[in-house]
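Below is one structure, written out as structure tokens; the observations come after it.
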Amino acid sequence: MPIVAVIPEPNAAVELREVAEPDLEKDSALLEVELSEVCGTDVYLQQGRLQGVPYPLVPGHVSTGHLSKIRGELFDVDGKEFREGDRVTFLDVHRTCNACWFCLVAKATTRCPKRKVYGITYGLDDGLCGGWAEQIYIKPGTRCIRLEADAETFMAGGCALPTSLHAVERADIAIGDTVLVLGSGPVGINSILLALMRGALRVLCIGAPANRLAAAEDAGASALLNFEEHDEPARLDWVLEQTNGRGADVTIEATGAPEAVVQAMRFTRDAGRVVVVGQYTDHGAVSTFNPHLDLNKKHLDVRGCWGSDFSHFYRAAQIVSDPKRSAPWSALKSNLTSYKLAQANEALAAVADGKVLKALISPR
């Protein structure tokens, strides 16, 4: 019987349980988990800060492993059939309806009301549907993606890689732009890497603590500022000094702090672009926003960015599977910290406190 790590209810400690191996439906599979991720979303799940979560829950929405059993047929996006033993990852969003207004008209599947997500909106009662487990049930219709990369290289990007890819895409970065990234966590680090890949001339980063800023520098940030040591006016002065008094061409907010959204607008040049990707859950309101001075007079283009879709997951897997393009993520493997299933509470605490850049669950 496979062992899983379960959040039994909000604000409760993770506990280990044995569960029955599922009976496979037609065109489904069983994945032997190599690695799964501990991200900020998992911290919010444990704290009960997301709505519609069916506790008890097996967290871990981005994972990688080998297909150990296949019943029926599974195909990749190129029409090639998966075989037992293949290393894969999979789109954590298992089900969107492809029938509602958001799916068919807006082309915004992340807003589909019937969207179901492994490790978040699928609970233990739905089966082995989270990565903090020895096995994951690959339900019929789950979009698997081949991985030519080793598991650690892919997980060095983890869920932050497709999320950041979406954010950089939304930012419409042009060749030669100066990009400012607010936040030096996984989304911030991946945004730096992808902004440079997209054509940015320089990427600035405001973040903390020191170990995460060091990772941002290794990722290619040309200038860094520790926000813990500088107040907002000092941060603005620093950005203006770095940009000939104009502000950044593009700013990507990846902090999770509501006040950083307003600062992103203030740190961006007139007629520039701002992408807000760090507000995945409700962190509260901001009372300091001035619509005239912070937005309209500056003629800003401000875009939200929530989650990712198959195209982002697919391209993320392609990037880390490419021998040359994957080099930055191979280098990030030195920032990985692995925990056993029995250490899941330690992993959550380390992520919540910012003590590690990237925590992984290694079930075996």
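The values are calculated or read from the model by the stated rules, or taken from the named source; none is laboratory data. Because the structure is a prediction, the values reported are computed rather than measured. In this analysis, Cβ positions are derived from the backbone assuming ideal geometry, glycine residues included, and neighbour counts consider all displayed protein chains. In case anyone asks, the SASA skips ligands and DNA or RNA and just uses the protein heavy atoms, side chains included. Shrake-Rupley method; radii C 1.70, N 1.55, O 1.52, S 1.80 Å.
Can you give the translational diffusion coefficient of the chain in µm²/s, computed by Stokes-Einstein from the Kirkwood radius over Cα pairs at 25 °C and 0.890 mPa s?
117
Leaving ligands and nucleic acids out of the surface, order VAL77, VAL19, VAL203 by accessible area at 1.4 Å, largest first. If you can, show how the numbers build up before the last one.
Values: VAL77 90, VAL19 25, VAL203 0 Å².
The ordering from most to least exposed comes out as VAL77, VAL19, VAL203.
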* State the extension gain, in nm to one decimal, for the chain segment bounded by ARG246 and PHE310, taking 0.36 nm per residue of separation less the distance between their alpha-carbons. => 19.4 nm
* **Accessible area per residue, Å², the chain with all protein chains present, probe 1.4 Å** => 43
* If one takes the longest principal axis of the Cα atoms in the chain, at what angle in degrees, from 0 to 90 and to the nearest 10, does the Cα axis of helix 232-242 lie? -> 80
* Asked: Can you tell which of ALA151, VAL53, CYS129 lies farthest toward the positive end of the dipole of the range 34-173, using +1 and -1 charges on the Cβ of basic and acidic side chains (Lys, Arg; Asp, Glu)?
  -> VAL53
* Asked: With the dipole of the chain worked out from charges on the C-beta (+1 for Lys and Arg, -1 for Asp and Glu) around the Cα centre, which of VAL274, VAL239, ALA257 lies farthest toward the positive end?
  -> VAL274
* Asked: What is the set of long-range amide H partners of PHE82 at a cut-off below 5 Å, with H atoms built 1.01 Å from backbone N?
  -> LEU74, PHE75, ASP76
* To do: Quantify, in whole percent, the carbon and sulfur part of the accessible surface of the chain (1.4 Å probe; protein heavy atoms only).
  => 48
* Quick one: angle between helix 210-219 and the longest Cα principal axis of the chain, in degrees between 0 and 90, rounded to 10, please. => 90
* **Solvent accessible area, Å² - HIS292, 1.4 Å probe, full protein context** => 110
* Structure fact -> A chain fully extended from LYS340 to GLU84 at 0.36 nm per residue, minus the present Cα-Cα distance, gains in nm 89.7 nm
* Asked: If ligands, DNA and RNA are left out, what is the accessible area of TRP101 with a 1.4 Å probe, given in Å² to the nearest 10?
  -> 150
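Suppose every Lys and Arg Cβ carries +1 and every Asp and Glu Cβ carries -1, with no other charges. What dipole size does the chain come out with about its Cα centre, to the nearest 20 debye?
Details: 37 positive and 46 negative charges, 172 e Å.
Here the size comes out at about 820 debye.
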* To do: Quote the accessible area belonging to SER362 in square angstrom, nearest 10, computed with a 1.4 Å probe and with ligands, DNA and RNA left uncounted.
  => 40
* Structure fact -> Residues meeting the amide H criterion for GLU34 (H placed from the backbone, H to H distance under 5 Å, 5 or more places apart or on another chain) are THR64, GLY65, HIS66
* For the range 156-170, what does the Karplus curve 6.51 cos²θ - 1.76 cosθ + 1.60, with θ = phi - 60°, yield as ³J(HN,Hα) per residue in whole Hz, taken in order and with x for Gly and Pro? -> 4, x, x, 5, 5, 5, x, 4, 5, 4, 4, 5, 5, 4, 5
* From the phi of every residue in the range 347-364, what ³J(HN,Hα) in whole Hz does the Karplus formula 6.51 cos²θ - 1.76 cosθ + 1.60 yield, where θ is phi - 60° and glycine or proline is x? -> 5, 4, 5, 5, 5, 4, 8, x, 6, 10, 7, 8, 9, 10, 9, 10, x, 10
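Could you work out how much longer the chain between ILE175 and VAL286 gets when fully extended? Use 0.36 nm per residue separation minus the Cα distance between them, nm to one decimal. Write down the numbers at each step before the final one.
Numbers: separation 111, 0.36 × 111 = 39.96 nm, distance 3.29 nm.
Once the chain is fully extended between ILE175 and VAL286, it gains 36.7 nm.
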* To do: Rank these residues by their accessible area, most exposed first, probe 1.4 Å: GLU152, GLU9, GLU134.
  => GLU9, GLU152, GLU134
* **Phi to ³J(HN,Hα) by Karplus 6.51 cos²θ - 1.76 cosθ + 1.60 over the range 195-208, Hz, x for Gly, Pro** => 4, 5, 5, 6, x, 4, 6, 9, 10, 9, 9, 10, x, 4
